[in-house]
1. Quick one: if you stick a label point 7 Å off each Cα along the C-beta vector at H144 and R28, how many nm between them?
2. Just to compare against my own numbers: the Cα pair-distance distribution for segment 316-380, 5 Å bins, whole % per bin, please.
3. Using a Förster radius of 30 Å, what is the FRET efficiency between Q363 and D336 based on their Cβ-Cβ separation? Nearest 0.05, please.
4. Relative to the present Cα-Cα distance, how much length would full extension add between N392 and L318 at 0.36 nm per residue of separation?
5. Starting from the Cα gyration tensor of segment 157-258, multiply each eigenvalue by 5, take the square root, and state the resulting semi-axes largest first in whole Å.
6. With a 1.4 Å probe and all protein chains kept in place, how much accessible area does M83 have, in Å² rounded to the nearest 10?
7. If you average 1/r over all unlike Cα pairs in segment 10-63 and invert the result, what Kirkwood radius do you get in angstrom?
8. Out of the GluC sites (Glu not before Pro) in segment 306-400, which ones are loop residues according to DSSP with at most 16 other C-beta atoms within 10 Å?
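The values are calculated or read from the model by the stated rules, or taken from the named source; none is laboratory data. Computed from a predicted structure; not experimentally measured. Here Cβ is always computed from backbone atoms with ideal geometry, including for glycine, and neighbour counts include all displayed protein chains. Quick note on the areas: whole protein, heavy atoms, side chains included, nothing else; ligands and nucleic acids left out. Shrake-Rupley method; radii C 1.70, N 1.55, O 1.52, S 1.80 Å.
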Amino acid sequence: MAIVVQKYGGSSVGTIEKIKNVAQTVVRRKQAGDDVIVVVSAMGDTTDDLIGLANEVTSNPDKRELDALLSTGEMMSSALLAMAIKASDYDAISYTAYQIGIKTTGQHGKSLIDDIDGENIKKSLSEGKIVIVAGFQGINEEGHITTLGRGGSDTTAVAIAVKLDGICEIYTDVDGIYSVDPRKYKDAKKLDEIDYEEMLELSSLGAQVMHSRSIELGQKYNIPIYVGLSNSDIKGTVIKGVNNMNMESKPVTGLATSDDDVAITIRDIESDINTVSSLFESVASKRINIDMISQTAPVNNRVNLSFTIPKVDLSECLEIIKPFYLEENQIAIDQDITKFSVVGIGMKTTSGVASKMFKLLSQNDIGVKMITTSEIRITCAIKQKDKVKAINVIASEFNL
Ligand code: ADP
Ligand code: ASP
Ligand code: MG
């Protein structure tokens, strides 16, 4: 008998019919002899709808109250799933983050799970109950409700699996992890397994199939994460450590794109490492994630500095960087950015991936605005109109 933590995403619990289907699947797992904990997302587009309501009230909703509002989506679906299970004569109980002590730190809207009490979950399991947990939410040091960032229910599930030493299964509307988002490239190939590091890069670079923090936790505690289609036996993908993997000798495993970033350029600032580092420190202190950075060669000790950040953080970031320039015309904002990335641990040992990629982009008249690389990824910023062409060219040449 194992402890199994299953997570069902928004589209898998999008209607009452779907909630009833999930209830049946969960009950079958319980009948097979496992202790089952189910983490749920909000139904369908509920979170977007709630954000819409908040924006009708004000263009800049208070972050504490926004979290209080958004957390209601998962409370609703968890209670409905518990009801559906109980209606089929199995015992179940739904819990909010407060009731099972999911403690968070950090800011509203992007908080981190610090610890989970877990005692209530254990007690309910020992009473034979199926435990349903509202995903995406936590309680911070001040006792306020926080949320974990969009897609955060994956992280709730992995964190509970870590705490209870359980098996973690993420069920969604796609039957596994593909080399490219199958909605963006129809010939994408399903992967049997993928390394934590690769998945972490892909999810941070736009593959929204998994919340990147969930992969960090899986990797830290070495918990394999299974990703598969809801209510189906089709074999999905296991995210796990490379040492346990049948390595294929492919330099590139996957490709991800994101239109969620914006590039900021500050023109004509002093070429001084202290200025640059204190600018980036100020931005990082607000947990705004800077990804690509480029700087022009100094002329009269002055440089232009460009970097990308998530669009959602633009207004906050512009406030933070104000002390670093004198005039408004020193700032340029480029919203026409697609971050285009290829990822693969095979790149550690294979050379020539970057040169092949840039050659293919240039042969297809795709201009590159910025570039950044790590040992296992190459990212370039391109124009949004070139995205589809770039995906098709690169995915087919790298056999993704
Ligand atoms: P859920 O609501 O279940 O959390 P998400 O919408 O967050 O589901 O994630 C599932 C979606 O992720 C899929 O519908 C798919 O289009 C998208 N996706 C992006 N990249 C990938 C990828 N590499 N492999 C599979 N799915 C991907
Ligand atoms: N409901 C939240 C969202 O839409 C969290 C999640 O689905 O994981 O982002
Ligand atoms: Mg998701």
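1. Spacing of the two 7 Å Cα→Cβ label points: 4.4 nm.
2. 3, 13, 20, 15, 13, 11, 10, 11, 3, 0
3. Approximately 0.85, to the nearest 0.05.
4. 23.1 nm
5. Ellipsoid half-lengths, sorted descending, are 20, 16, 13 Å.
6. 120
7. Kirkwood hydrodynamic radius for segment 10-63: 13.2 Å.
8. Details: sites: E316, E319, E327, E328, E375, E397; in loops: E327, E375.
Taking segment 306-400 and a limit of 16 other Cβ atoms within 10 Å, the loop GluC sites (Glu not before Pro) found are E327, E375.
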